[in-house]
Structure formats: structure tokens, C-alpha cells
Amino acid sequence: MTISRILNRLFGFRFRRTTEQVQRHLLDSLHSRGEITPHWFIDTLYPDEAPEIILSEVLQAAQILVNRGEIEARKNGIAVDPIRTDGAIFLRIKPR
């Protein structure tokens, strides 16, 4: 059981991650796996979280990293905006 789930059960509130924490976890996953989908990331790192809540946090973190030029978001091989794109996207470290 995660700390956030324990806090939620004991005190009735949810532990909020910072965007920076999600960005760091996202970059770590990308460095180790190469290319991932936001849903794989959520299922792997945040399995106890409601996907509809954490998805917006992950996409926001991905958007920040895309804007900084650290990662790419692609759908069918074309660069896309992680927040405004419907359907499955793939995230990867931006090649230098």
C-alpha cells in the first residue's frame, strides 16, 4: 500500500504530487525504457491512483518536458501536443 493510499484512508485526503516529481519519474522511466505511453507509465508507477486523475498530471508534466525540448510526444510518428491530442501517444527522450 502506498503512502498516499494510507493517508487517504487515515485522514480522508489525498497526497498531492508535484509536477516536478512526475517529470522526474517520467524522465527516469524514459531513460530506462526508451519509449513509453502515458498509460503504461501510470499503470507501472501509480497503480493505486485513479487513471482519470493522474493522466492529466502526467500529460501536464510531459507537456512541460516537450516545451523544454527534453522529450518528444508522437502519434503515428508525428510530433504532437501531449495535452491536446486524443488517443494513444508515445513519449521518448528527444534525440540530440
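No lab work stands behind these numbers, since they all come straight from the coordinates. Just so it is clear, the structure is predicted and the values come from calculations on it, not from any experiment. In this analysis, Cβ positions are derived from the backbone assuming ideal geometry, glycine residues included, and neighbour counts consider all displayed protein chains.
Taking other C-beta atoms within 10 Å as the exposure proxy, ARG74, ARG96, ARG24, ARG84 rank ARG96, ARG84, ARG24, ARG74 from fewest upward.
Look at HIS39, HIS25 and count the other Cβ atoms within 10 Å of each Cβ; fewest to most, that gives HIS39, HIS25. Backbone amide hydrogens, once placed in the peptide plane, bring LYS94 within less than 5 Å of ILE71, GLU72, excluding anything fewer than 5 places away on its chain. Distance from the alpha carbon centroid of region 68-96 to that of region 28-44 works out to 13 angstrom. The HN-Hα couplings worked out from phi for region 38-51 by the Karplus form 6.51 cos²θ - 1.76 cosθ + 1.60 (θ = phi - 60°) are x, 5, 4, 4, 5, 4, 7, 8, 10, x, 8, 8, 6, x Hz, whole numbers, x standing for Gly and Pro. Placing one equal scatterer on every Cα of region 18-93 and applying the Debye formula, the log10 ratio I(q)/I(0) at q = 0.12, 0.20, 0.22, 0.27 Å⁻¹ is -0.26, -0.78, -0.96, -1.51.
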